[in-house]
Amino acid sequence: MTVFEGRFTDVGALRIAVVVARFNDLVTSRLLSGCLDCLSRHGIDTGEASGQLDVAWVPGSFEIPLVAQRLATSGRYQVVVTLGAVIRGDTPHFDVVVAEVSKGVASVARDTGVPVIFGVLTTDTLQQALERAGIKSNLGWSYGLQALEMGSLMAGLPR
Ligand code: INI
């Protein structure tokens with residue numbers, strides 16, 4: 001029996017792309033900080049000159065799947081992390097954006113075979129989003145861990 005598991009350390013030359021939305025950047029920039037902190041503490045070079053990690057900013061969460069797809073098909077990255085914050089307002093826009101980004105991210109992963117971490121917060125209020133982006137915990141950190149786990153797991157699975 002073979003047990004396949006991802007790793008959180010010794011991930012070697014894993015190359016990671018992060019797509020982050022500017023909309024609600026009070027929240028998303030904190031998610032990004034948490035994610036980069038996690039990756040750097042687990043041995044990923046997150047410096048400006050890094051060849052191991054790239055960050056792409058998009059206007060809003062709706063645009064995340066398109067850019068994630070481009071990065072995933074580039075052949076350069078073993079895992080893509082997506083970061084966004086969709087906060088419910090008084091209009092149906094929330095539901096449209098959430099539906100598109102969630103389905104889009106899942107499709108990119110399945111269509112390309114590159115794992116794409118779904119780090120888009122969907123909350124009723126800004127307060128709830130901030131609580132998940134550093135005030136209480138920072139889910140950006142968890143998304144970083146999930147990227148390491150999925151990137152190394154996929155690299156070890158049979159082709
Ligand atoms: N984008 C978000 O990332 N979060 C939101 O809460 C949001 N709301 O509520 O409108 C949002 N809208 C912008 C959208 O993602 C696109 O950038 C825009 O429609 C242009 O295509």
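Write down the accessible area per residue of the chain in Å², having rolled a 1.4 Å probe over the full set of protein chains.
Value returned for the chain: 53 Å² of accessible area per residue.
What length, rounded to one decimal in nm, is gained on full extension from Val96 through to Val3, with 0.36 nm per residue of separation minus their alpha-carbon distance? Could you put the intermediate results ahead of the total?
On the way: separation 93, 0.36 × 93 = 33.48 nm, distance 3.93 nm.
My answer for the length gained is 29.6 nm.
Below 8 Å between Cα atoms, with a sequence gap of 6+, how large is the relative contact order for the chain in percent?
On the way: 308 pairs, mean separation 54.0, N = 159.
For the chain, the relative contact order is 34 percent.
How large is ³J(HN,Hα) for each residue in segment 58-69, as worked out from phi by the Karplus curve 6.51 cos²θ - 1.76 cosθ + 1.60 (θ = phi - 60°), to whole Hz, x for Gly and Pro?
10, x, x, 5, 4, 7, 4, x, 4, 6, 4, 5
Add +1 for every Lys or Arg and -1 for every Asp or Glu among the other residues with Cβ under 14 Å from the Cβ of Leu148, and state the total. Can you show the working numbers first?
On the way: positive: Arg7, Arg15, Arg41; negative: Glu5, Asp10, Asp37, Asp45, Glu149.
Within the 14 Å Cβ shell, the charges total -2.
Treating the beta-carbon of each Lys and Arg as +1 and of each Asp and Glu as -1, no other charges, what is the dipole magnitude of segment 43-94 about its Cα centre, to the nearest 20 debye?
Working: 3 positive and 5 negative charges, 35 e Å.
Rounded to the nearest 20 debye, it is 160 debye.
Using modelled backbone amide H atoms (1.01 Å from N, in-plane), which distant-in-sequence or interchain residues come within less than 5 Å of Val55's amide H?
Amide H neighbours of Val55: Val18.
Quick one: work out the % antiparallel among DSSP beta bridges in segment 16-153, nearest 5. Intermediate values should be presented prior to the final figure.
Numbers: 1 of 20 bridges.
About 5 percent, rounded to the nearest 5.
Expressed as a whole percentage, what fraction of the accessible surface of segment 16-153 belongs to carbon and sulfur atoms when a 1.4 Å probe is rolled over the protein heavy atoms? Before the final figure, lay out each step's value.
Numbers: 3390 of 6510 Å².
C and S fraction of accessible area: 52 percent.
Could you tally the net charge around Leu130, taking each other residue with its Cβ under 14 Å from the Cβ of Leu130, Lys/Arg +1 and Asp/Glu -1? All intermediate terms of the calculation are to be shown ahead of the outcome.
On the way: positive: Arg30, Arg132, Lys136; negative: Asp25, Asp124, Glu131.
Net local charge, Leu130 excluded: 0.
Per residue of segment 40-48, what does 6.51 cos²θ - 1.76 cosθ + 1.60 with θ = phi - 60° give for ³J(HN,Hα)? Whole Hz please, x for Gly and Pro, Karplus curve as stated.
5, 6, 9, x, 7, 6, 9, x, 4
Compute the acute angle (0 to 90°) between the alpha-carbon long axis of helix 93-112 and the principal axis of greatest extent of the alpha-carbon atoms of the chain; round to the nearest 10°.
So the helix axis and the longest Cα principal axis differ by about 10 degrees.
Kindly rank 93-99, 75-81 from highest to lowest mean number of other beta carbons found within 10 Å of each residue.
Working: 93-99: 14.6, 75-81: 22.0.
My ranking of the peptides, most packed first, is 75-81, 93-99.
Karplus couplings for segment 147-159 from phi (6.51 cos²θ - 1.76 cosθ + 1.60, θ = phi - 60°), rounded to Hz, Gly and Pro as x?
So the J values, rounded to whole Hz, are 5, 4, 5, 6, x, 6, 4, 4, 5, x, 7, x, 7.
The values are calculated or read from the model by the stated rules, or taken from the named source; none is laboratory data. Please read these numbers as outputs of a predicted model, since none were measured by experiment. Methodologically, a virtual Cβ is constructed for each residue, glycine included, from the backbone with ideal geometry; neighbour enumeration extends over all protein chains shown. Protein only, heavy atoms only, side chains kept; ligands, DNA and RNA dropped before computing areas. Shrake-Rupley method; radii C 1.70, N 1.55, O 1.52, S 1.80 Å.
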